[in-house]
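Everything below concerns the one structure shown next.
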Amino acid sequence: MGDNVAETGSPDHDGNASTHRSDRETLLNASGLTKRFGDILANDNVDLVLNKGEIHALLGENGAGKSTLVKMFYGSLDPDAGEISWNGRKVSINNPAAARELGIGMVFQHFSLFEALTVVENIALALPNPGKMQDLAKRVETVSRDYGLPLSPGDIVADLPVGIRQRIEIVRCLLQEPQLIIMDEPTSVLTPQEADQLFVTLQRLANEGCAVLYISHRLEEVKRICHHATILRHGKVVRECDPTKETAASLASMMVGADVASVSSGEGEAQVGQTRLTLQKLNAAAATPFATALNGVSLDLKAGEVVAIAGVAGNGQGELFDAISGEMRVSPDMVLLDGTPCGNKSITWRRKQNAAFVPEERLGHGAVPGMKLSQNIVLTRHSTGDRLVGGGFVSNAEAGNLEQRIKKAFDVRMSHDDPEARSLSGGNLQKFVVGRELDREPGILVVNQPTWGVDAGAAALIRQALIDLARSGSAVLVISQDLDEIFEIADRIAVISRGFLSAAEPAAQMTRERVGLLMAGGAETQGEVA
Amino acid sequence: MRLELVKRKEHSQAMALLSPLIAVTLTALSAAIIFSITGHNPLVGLYKFFIEPLTQQWSLEATIDKATPLILIGCGLAVCYLSNNWNIGAEGQFVVGALFGSVLPVLFPSFENAATLPLMLLFGAIGGALWALIPALLKTRFNTNEILTSLMLVYVAGLLLDYLVRGPWRDPGGYNFPESRIFSDAATLPEVFGGMMSLAAPITIAIAVILAVVLAKTLKGFEIRVMGESPRAGSFAGFSAKGLTLFSFALAGALAGLAGTMEVSGALNQLLPSISPGYGFTAIIVAFLGRLNPIGIIIAGFVLALSYIGGEGVQSAMGVSNEIASVIQGLLLFFVLACDTLILYRIRMVTKRSTSAEASHV
């Protein structure tokens, strides 16, 4: 079984890549894998060859079929057609236990750990023969130290930060001595430093002959650590390449199938005007045991600038957004719009002050899944003077006009006119939800994770729209986990960590390293001093 | 071979209309099976149950009489269910409404003028609303489960009625029978359309139509639908979940209370230890069979009223227990809820062997 099987992509790009791979032995060879869900062909005749000791990137937009493919490798899904051979032998992987038996391990994007148990207990739960707890604890300690992912077996998971929790998942995989590790967006929850640490581990695994199938949206890191990349689009393999010989832009255009417009921040410096939004020592207790408390958050947002708040997920971003939008009420003086204290005012009042909000979760928060797009426009604009409501009656005609306008301006693609929100793809719905607010030309816009899970094309469009809004004189606050995005669009950057916010500093003076240190707790100490 | 449910991308409009029809058909089929198991001719049984009541003037009038409270209560419940507030206690709100509405004719029988009836109806609505606000306040204040509290209050209301008609409100000239005095003419709901129906019926239809417009066209109706489907999105829209809980319970209670007052003022003309053959519970089925849409509820109200009359019909004609009506009502609710699945899912036959997928997490 040779590497030539894999080279189904266009030869002009991957000629060099194949030589780069040729000295390796084939570990997994999938051919003709097909999986259908109802009308959707999630995987269409997919061929993929994984070599031993190779870090292999699986790239594609959301819905391109990456998860479906790896789930077939991991035994969670059964292919409708096609076959998988493992070490040259044809196998059928009926369930995850069979996959682990073969030596295939998987690290999920969302962890499956019991918070109330210790590290070693969690690991024991996943092993077929955990043996004595003390012996296992020793093994965990040695293996984790060996791979540069040190763990204390006795720690309770609930007390551990996300980066360490991911280590547990990885170590759990390693203990089963896998020949292939599948990782689904492993760095989305890590600080840059934590990600670097992970990359070292992956390199080492690869050197030992273990293969890694790596799913990520972060093209820079794919370029940095992956030996080979397979690109999926609409369930088909469209290209294979050596990512080290590509640019992030060329990888993105392969995924999207078209050139992705680069974002331009306009002419020169931002023309900064008056302060529009002020946060003063914003405190809020955690509403539930899983929420994060906000601790003395202060920030000034001025007209004409984009301020970005960086941070790893779950550090208080959602709570901060809710306090600014008015979904969570706080003391009046903690939030000021144009100098007016409004911490206890409703979201409708704030919208009438020409503020607009886009929450992180599009479906179920930003939009009602089972309602048509035109109805979803009424959701946030019923009281903003758009003539959508008169005498208590909703004007479907006006809502329909707005829907058409937003659809055109933001290139929202739909199979038929005015569909239910749930039927749109993530990227299209995000364009709609952002477009719905931008269409108002708000003076203050607060966006949480504007391009989370959105394909490259839509992300570029949204980012450009945010910059354009700021350049037209509005104040824009972006809360994001994506550092590439933040450095692309922000004029000033602050970092949130465990509910503390660092001072916003000019983006030009910020480095990724500094942001990473603030993410890892620097913001906290800074916040406490301030 | 096996069946699989596949999620649709959008709600199916066709299924939203078809699902109640399929449910009624399946219920009729099940009823036929029950008739034949108990040794009766299923076709005769179905005819007596579903068709015969529609062929005679008196049974048609009785059907309208029974449908009226079901429709009015069902409309209020629809508002609750649309906004995700599970009011199961309409039966109690119906009874307390009837008690409030009876205060004038029972305690002040000499207060007889043009204002008597309107005041009675107003009191009835207020009484039902107050009773319904108890579980609503418990929910908004203490996060209590409104299904339990509203249901429990049904029995409290029933006992309250029982106590009053046996004690303080008993008719002084009634030979100690547990019933209140007969209402005066001024306190009696007049009949309309040549005696075909009481005034309650046109009032109910008017309220249902108004409610249909409110739900479909106004911002309040929009708020109700948004809150029911996605409370988080509703709060993002600036709507108050607590406010809507209070509103929907008060509205449902008021309509149930109004129905209760109209029942005692029109059909019964006095208070009895029991004034409802379970209207408040049957109205739950009416609300769902009518797709939580007031116009649909008008139709569904007739179908369920038919089951009361039909139950009596098969009992007298065929000797089948009257309880068959409850069984058929229960089956109907079961099939309605089951068929509703088809609005957002479609059935697919899978013929190929396929190991079921383990959840993706280990």
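The values are calculated or read from the model by the stated rules, or taken from the named source; none is laboratory data. Small disclaimer: the values here were computed from a predicted structure and weren't measured. In this analysis, Cβ positions are derived from the backbone assuming ideal geometry, glycine residues included, and neighbour counts consider all displayed protein chains. Each accessible area value is taken on the protein alone, full model and side chains, heavy atoms only, with ligands, DNA and RNA left out. Shrake-Rupley method; radii C 1.70, N 1.55, O 1.52, S 1.80 Å.
Please work out if residue B:58 is in contact with a helix residue (DSSP H, G or I) (Cβ under 6 Å, 6 or more places away or on another chain), open to solvent by 10 Å² or more (accessible area, probe 1.4 Å) and either away from chain A (no Cβ under 14 Å) or over 21 Å from residue B:225 (Cβ atoms) (or both). No; evaluated as a whole, the condition is false for this residue. Check B:82, B:121, B:117, B:60 and return the single one that is more than 12 Å from the chain's Cα centre (by Cα) and without any contact (Cβ under 8 Å) to a residue 24 or more places away in the chain. That would be B:60, the only listed residue that is more than 12 Å from the chain's Cα centre (by Cα) and without any contact (Cβ under 8 Å) to a residue 24 or more places away in the chain.
Scanning segment A:433-456 for residues that are touching a residue at least 40 places away in the same chain (Cβ under 8 Å) and in a loop (DSSP other than H, G, I, E, B) yields A:440, A:442, A:443, A:449, A:450, A:452, A:453, A:454, A:455. Which residues, counting only those in segment B:217-266, are of a type in the set (A, V, I, L, M) and within 9 Å of chain A (Cβ to nearest Cβ)? B:219, B:226, B:233, B:237 - these are the residues of segment B:217-266 that are of a type in the set (A, V, I, L, M) and within 9 Å of chain A (Cβ to nearest Cβ).
Kindly provide the set of residues from segment A:128-146 that are in contact with a helix residue (DSSP H, G or I) (Cβ under 7 Å, 6 or more places away or on another chain) and open to solvent by 40 Å² or more (accessible area, probe 1.4 Å), ordered by number. Within segment A:128-146, A:130, A:133 meet the criteria.
The C-beta contact set for segment A:90-107 (first residue touching a residue at least 12 places away in the same chain (Cβ under 8 Å) and among the hydrophobic types (A, V, I, L, M, F, W, C), second residue part of a loop (DSSP other than H, G, I, E, B) and surrounded by fewer than 16 Cβ atoms within 10 Å (Cβ to Cβ), distance under 9 angstrom, 6+ apart or interchain) comprises A:97/A:128; A:98/A:92; A:102/A:87. Checking each residue of segment B:11-23 against the condition of being open to solvent by 40 Å² or more (accessible area, probe 1.4 Å) and not in a helix (DSSP H, G or I) gives at least one match. If you go through segment A:335-371 and keep only what is open to solvent by 30 Å² or more (accessible area, probe 1.4 Å), in contact (Cβ under 8 Å) with a residue 24 or more places away in the chain and outside any loop (DSSP other than H, G, I, E, B), you end up with A:352, A:363.
Restricted to segment A:473-529, and to residues there that are assigned to a loop (DSSP other than H, G, I, E, B) and touching a strand residue (DSSP E or B) at 6+ places or on another chain (Cβ under 7 Å), the residue that is surrounded by the fewest Cβ atoms within 10 Å (Cβ to Cβ) is A:503. Among the residues of segment A:348-366, those that are at the interface with another protein chain (Cβ under 8 Å from one of its Cβ atoms), in contact with a helix residue (DSSP H, G or I) (Cβ under 6 Å, 6 or more places away or on another chain) and modelled with pLDDT under 95 comprise A:364, A:365, A:366. Somewhere in segment B:85-105, is a residue within 20 Å of residue B:284 (Cβ to Cβ) and open to solvent by 40 Å² or more (accessible area, probe 1.4 Å)? So far as segment B:85-105 goes, yes, one or more of its residues are within 20 Å of residue B:284 (Cβ to Cβ) and open to solvent by 40 Å² or more (accessible area, probe 1.4 Å). In segment B:194-221, what residues are open to solvent by 30 Å² or more (accessible area, probe 1.4 Å), at pLDDT below 90 and under 25 Å from the mean Cα position of the chain (by Cα)? Hits for segment B:194-221 are B:196, B:197. Filtering segment A:385-432 to residues that are aliphatic (A, V, I, L, M), part of a strand (DSSP E or B) and open to solvent by less than 30 Å² (accessible area, probe 1.4 Å) leaves only A:394.
Taken over segment A:115-132, the residue count meeting the criterion of being charged (D, E, K, R) and under 27 Å from the mean Cα position of the chain (by Cα) is 1. Restricting the search to segment A:175-190, which residues are open to solvent by 10 Å² or more (accessible area, probe 1.4 Å) and either under 18 Å from residue A:56 (Cβ atoms) or free of Cβ contacts under 8 Å to residues at least 12 places away in the same chain (or both)? Result: A:178, A:179, A:184, A:185. The numbered conditions (1) in the same structural domain as residue A:128 (by TED's automatic domain parsing); (2) touching a Lys or Arg at 6+ places or on another chain (Cβ under 9 Å); (3) open to solvent by 30 Å² or more (accessible area, probe 1.4 Å) are all true for residue A:193 except (2). Here segment B:153-169 is the region considered, the condition is being more than 15 Å from residue B:275 (Cα to Cα) and without any contact (Cβ under 8 Å) to a residue 12 or more places away in the chain, and the residue that is most open to solvent (accessible area, probe 1.4 Å) is B:168. Scanning segment B:38-55 for residues that are buried (at least 17 other Cβ atoms within 10 Å of the Cβ) and assigned to a helix (DSSP H, G or I) turns up B:42, B:45, B:46, B:48, B:49, B:50, B:52, B:53.
Restricting attention to segment B:1-10, the residues that are free of Cβ contacts under 8 Å to residues at least 24 places away in the same chain and open to solvent by less than 60 Å² (accessible area, probe 1.4 Å) add up to 1. Set side by side, the residues B:307, B:265 differ, and just one is closer than 16 Å to residue B:27 by Cα and among the polar types (S, T, N, Q), which is B:307. Do we find that residue B:325 is at pLDDT 85 or above and open to solvent by less than 60 Å² (accessible area, probe 1.4 Å) in this structure? No: the conditions fail for residue B:325.
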